[in-house]
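Values in this text are rule-based calculations from the coordinates and carry no lab data. Just so it is clear, the structure is predicted and the values come from calculations on it, not from any experiment. Please note: Cβ atoms are built from the backbone with ideal geometry, for glycine as well, and neighbour counts cover all protein chains shown.
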Amino acid sequence: MEVYALKRLIEVGRLLYQEELVDARAGNLSYRLGEHMLITRRGSHLGLLQEWDFIEVPVEGKSPLEERASSELVVHRLIYLHTDHRSVVHAHPISAILLSFHTDLIEPADSEGRELLGYVKVIPHLPSGSEELAKAVSEALKEKNLVVVRSHGVFSADKDPFKAYSHISVLERSCSIILKLCSFS
């Protein structure tokens, strides 16, 4: 299972970077393996991930490896503790972030976005890697697979890393369409 999870996470990181949903030092990925999780190390380049870019830490409890794990570790942990999701993807898609400054709810205008996402909640900006952010995001992900943090980025969770990534990809395209529609008004 761990080899499968690593391969999926590496592929998702590459796709996120190729689609410009993250920059060279942004975003993070994780996958739950029972009582442990694999999570990207701090500062890793998602487009160039290798096996050594992942840290295995417990879902509950402490580990000396935490210092090397993503700064959003606390958010990933709380999502796993409060939901049934097995994978978390955090990205910084530009169009979704732009829209987050202007709305509390993103409602796609395109048929695919409406069908696949319905609506996406935008929560207030909270400090990265904070307990407050972890609580707000994990609470939102109990209801949906996707939440936008105003001015910061998107957290997506699902049973598989590819599914979590695909929610973000669809959201970004829908947000891009909304912004283009606004420019015609």
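Summary of computed values
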{"read-out": "Count of the stretch 109-140 residues which are among the aromatic types (Phe, Trp, Tyr) and either in contact (Cβ under 8 Å) with a residue 60 or more places away in the chain or out of contact with any strand residue (DSSP E or B) (no Cβ under 6 Å at 6 or more places or on another chain) (or both)", "value": "0"}
{"read-out": "Any strands (runs of 3 or more DSSP E) falling wholly within the stretch 1-75 and containing at least 1 residues that are buried (at least 22 other Cβ atoms within 10 Å of the Cβ) and under 14 Å from the mean Cα position of the chain (by Cα)", "value": "28-33, 36-40"}
{"read-out": "Near pairs, Cβ below 6 angstrom, 6+ apart or cross-chain, from the stretch 86-107 (within 14 Å of CYS182 (Cβ to Cβ)) to any residue that is surrounded by fewer than 19 Cβ atoms within 10 Å (Cβ to Cβ) and among the small types (Gly, Ala, Ser)", "value": "SER95/SER176"}
{"read-out": "In the stretch 96-132, the residues that are in a helix (DSSP H, G or I) and surrounded by fewer than 19 Cβ atoms within 10 Å (Cβ to Cβ)", "value": "LEU98, SER111, GLU112, ARG114, GLU115, LEU116, GLU131, GLU132"}
{"read-out": "Filtered residues of the stretch 1-31 (kept if in contact with a strand residue (DSSP E or B) (Cβ under 7 Å, 6 or more places away or on another chain) and among the charged types (D, E, K, R))", "value": "GLU2"}
{"read-out": "Residue match in the stretch 152-166 (condition: without any contact (Cβ under 8 Å) to a residue 24 or more places away in the chain and either out of contact with any Phe, Trp or Tyr (no Cβ under 8 Å at 6 or more places or on another chain) or closer than 20 Å to GLU20 by Cα (or both))", "value": "yes"}
